[in-house]
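Taken together, the values in this text are just the output of simple stated rules run on the coordinates, not laboratory data. Everything quoted here is computed from the prediction, not taken from an experiment. Neighbour counts are summed over all protein chains in view; Cβ atoms, including those assigned to glycine, are modelled from backbone coordinates with ideal geometry.
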Amino acid sequence: MKKELPKLYSKADLARRWGATRQVVNNWEKRHNDFPNPVMHVHDGSLPLYLHEDIIKYEEKRELEVH
């Protein structure tokens with residue numbers, strides 16, 4: 001039986017999704033206390049990944065346009 005993995009985003013994915021730069025995404029993470037927490041880190045712990053459902057909630061709350 002094939003299991004479905006949850007959809008995850010890197011900061012680069014989020015930058016493309018929101019039409020922003022990775023630096024903007026980094027700034028939002030630092031400045032917005034409601035920015036989603038990463039659910040895991042990969043690439044020797046240097047790459048945070050964010051859960052799709054958490055990103056959707058953040059987008060709705062911040063009224064972000066998805067590209």
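For the range 1-54, filtering for residues that are acidic (D, E) and either on the phi > 0 side of the Ramachandran plot or in contact (Cβ under 8 Å) with a residue 60 or more places away in the chain (or both) leaves 1.
Residues checked against (1) closer than 23 Å to L5 by Cβ; (2) aromatic (F, W, Y):
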residue: G19; (1), (2): no, no
residue: W28; (1), (2): no, yes
residue: R31; (1), (2): no, no
residue: N37; (1), (2): yes, no
residue: H43; (1), (2): yes, no
residue: L51; (1), (2): yes, no
residue: I55; (1), (2): yes, no
residue: E63; (1), (2): no, no
residue: V66; (1), (2): yes, no
